[in-house]
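Heads up: the structure comes next, in structure tokens.
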Amino acid sequence: MQTRTTQKITNRSGAMGRRAFLGAAAGAVASAVLPAPVIASAKDELAGPLNPIPPVFGVAGRRIGTIFRDYPNAGALQSSLCGEPEDIGQKPQLTTRSLGDFRMWQWMEVLKRYRRVERWTQLVAVNNFVNQIPFVSDSERYGGPDHWACPTQFFSGGGDCEDYVIAKHRSLRWLGVNSERLRLVIGRLEDTREVHAVLAVFMRGRTAVLDNRHRDVRFDDDPRAFRPLVSMTDRDTWMHD
């Protein structure tokens, strides 16, 4: 999926190009407008199960099976394939070869900082941080039409819209959000007709949307802007007619 949101960092030849590239990478946390941590409230709706299942962007869905049967790439949503986010310890030295490790360290620093804050603050922090990673299409990076990357791959070299969603999904699961409340949604942007993917988070009465096109977290109150086609948790898939 080719929706582009951030200018791709180009590693030009020579010392100046390397310095610019590494400086941009190192500034991922510093440049992100992350919210101040707010102590979590006693009632945590996002840790509980979901009942009943709400529509997505105003469109009801019908369950069609497991993700592996219909969307084997979506296995990247599961910890059994990608593993859990892990504290890698001491801050790695930032070089072009260690960029992936450095970003993984940044990621864990953000997750640890926001582990015990209210859920909305977590959504904003995760969305802001992950959106700092440069957009790179699957054809540019992998030479193929569709590859869903685990966070280790995504943080080492960028990715496209599904890869942003997977990194945000893995982040929120680590922070304690119930898997039933997280939905990777593939749909069509009504203005450009492009196919795009976002992360929907089912809250009390509203659905938050984490999108690599937007720094802020929005809601699906205007279904005209995005038409859902398929959505999935880390276990099941729904079609939206």
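Here, each number is a calculation from the coordinates, and none is a lab measurement. Computed from a predicted model, the values in this text were never measured in an experiment. Ideal geometry is used to build each Cβ from the backbone, glycine not excepted, and the neighbour counts take in all protein chains shown.
Determine, yes or no, whether Glu162 is surrounded by fewer than 17 Cβ atoms within 10 Å (Cβ to Cβ) and either of a type in the set (A, V, I, L, M, F, W, C) or over 19 Å from Gly61 (Cα atoms) (or both).
No, not satisfied.
Would you pick out the residues in the stretch 216-238 that are of a type outside the set (Asp, Glu) and either in contact with a helix residue (DSSP H, G or I) (Cβ under 6 Å, 6 or more places away or on another chain) or within 22 Å of Asn178 (Cα to Cα) (or both)?
Answer for the stretch 216-238, where residues must be of a type outside the set (Asp, Glu) and either in contact with a helix residue (DSSP H, G or I) (Cβ under 6 Å, 6 or more places away or on another chain) or within 22 Å of Asn178 (Cα to Cα) (or both): Val217, Arg218, Phe219, Pro228, Val230, Ser231, Met232, Thr233, Arg235, Thr237, Trp238.
Here's a check for you: in the stretch 210-237, which residue that is assigned to a strand (DSSP E or B) and free of Cβ contacts under 8 Å to residues at least 40 places away in the same chain is surrounded by the fewest Cβ atoms within 10 Å (Cβ to Cβ)?
My answer is Phe219.
Under the condition of being under 21 Å from Ala200 (Cβ atoms) and touching a His at 6+ places or on another chain (Cβ under 9 Å), which residue from the stretch 99-153 is surrounded by the most Cβ atoms within 10 Å (Cβ to Cβ)?
Checked the stretch 99-153; the qualifying residue surrounded by the most Cβ atoms within 10 Å (Cβ to Cβ) is Asn127.
Quick one: which of Val198, Val177 is surrounded by 17 or more Cβ atoms within 10 Å (Cβ to Cβ) and in a strand (DSSP E or B)?
Val198
Go through the stretch 76-90 and give me each residue that's touching a residue at least 24 places away in the same chain (Cβ under 8 Å) and either part of a helix (DSSP H, G or I) or of a type in the set (A, V, I, L, M) (or both).
Ala76, Leu77, Ser79, Leu81, Cys82
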